[in-house]
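Everything on this sheet refers to the single structure shown next.
The values are calculated or read from the model by the stated rules, or taken from the named source; none is laboratory data. Owing to the predicted nature of the structure, the values given are computational and were not obtained by experimental measurement. No Cβ is skipped: glycine too gets one built from the backbone with ideal geometry, and neighbour counts run over all protein chains shown. Accessible surface is based on the protein model in full, side chains and every heavy atom, while ligands, DNA and RNA are left aside. Shrake-Rupley method; radii C 1.70, N 1.55, O 1.52, S 1.80 Å.
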Amino acid sequence: MSDLFWLSDAQMARLEPFFPKSHGKPRVDDRRVLSGIIFINRNGLRWRDAPAAYGPHKTLYSRWKRWSEKGIFARMMTGLAAAHGEQKTVMIDATYLKAHRTATSMAAKKGGRGRLIGRTKGGMNTKLHAICDSQGRPIDLFVTAGQVSDYIGARALLSGLPNVKWLLGDRGYDADWFREALKDKGIRACIPGRKQRKTTVKYDKRRYKRRNRIEIMFGRLKDWRRVATRYDRCPKVFLSAIALAAVVIYWL
């Protein structure tokens, strides 16, 4: 099939430092398996519908599941993003990702963090919180249930902010504690004030217009069908799908 996806030698060379060491029996062709995993995630296929060129679908799924639980795909994204080293501006925002019935069925295991799926006006959703650089490339991701406030995502992403001069965000991030936390880090906030504020908050309107780049980033990530619609019950596996999409779209 001419429309199949294959990683190039140069792309594999960039990814190989993040591969776990093989113990015992050597792994099968990494390029073939990873290319198949990317193809499945991008097109939203069932694993059993994987083209024969990628080998047995059980091999693809087992590799995907095992590496997702180990956080390999998330480390790929953070490692490749860190190599570029943004120094001036980052942006923060959140978006809703629809949860398919296969992700919401059956009760979650006792003692776990849950599925991170919540009910909103739009149905059952997961919320993706993200930090991107000045070019609109994701550098940090965090997922919560759909009904969770943007402040929760901002608090979780705060410690991982790079040493930059500016942070751009919409009114959803207008909170005194967040502005003070950014100030302590030496970061200037370009965030418009909420309408309920008694005093007007000044911000750089010209700089704020660049925030559309994170909206474009969300749109490109949602072009991957397993990102736009959540099929995975495990939130860690779902985050791996988002991180893998970010790696292929922006960092390879």
Exercise for the section: For the stretch 109-194, calculate the relative contact order in percent as a whole number, restricting contacts to Cα pairs under 8 Å that are 6 or more residues apart. Expected result: 21
Handout entry: Per residue solvent-accessible surface (Å²) - the chain, probe of 1.4 Å
Key = 54
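Tell me the trypsin sites (Lys or Arg not before Pro) within the stretch 1-40 that lie in a loop according to DSSP and have at most 16 other beta-carbon atoms within 10 Å. Kindly include the intermediate steps, with their values, before the conclusion.
Working: sites: R14, K21, R27, R31, R32; in loops: K21, R27.
Passing both the DSSP loop test and the Cβ count: K21, R27.
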Problem - Share of carbon and sulfur in the accessible heavy-atom surface of the chain [1.4 Å probe, %] - result: 50
Problem - Mean Kyte hydropathy of 1.6 or more with a Cα span along the axis of at least 15 Å, helices from DSSP in the chain - result: 235-246
Problem - Lysine pair count for the stretch 99-203 [Cα-Cα under 18 Å; pairs on different chains or 8 or more apart] - result: 4
Practice task
With springs connecting C-alpha atoms under 10 Å apart, model the chain as a Gaussian network and identify which of R230, R42, R220 has the largest mean-square fluctuation.
Solution key: R220
Completion exercise
Looks like the stretch 140-203, by Cα gyration tensor root eigenvalues a ≥ b ≥ c and the a/c under 1.5 rounded cutoff (else prolate when a/b is bigger than b/c, oblate otherwise), is oblate
Completion exercise
the chain, Gaussian network, Cα under 10 Å: of K183, K70, K222, the residue fluctuating most is K183
Problem - Highest-fluctuation residue, T200, T144, T89 considered, GNM on the chain with Cα pairs under 10 Å - result: T200
Exercise for the section: Name the residues whose placed amide hydrogens come within less than 5 Å of the amide hydrogen of M124, ignoring near sequence neighbours (fewer than 5 apart) on the same chain. Expected result: A99
Fill in the blank from the handout: For K25, counting only lysines whose alpha-carbon sits under 25 Å away and dropping same-chain residues fewer than eight positions off, the answer is K58, K65, K70
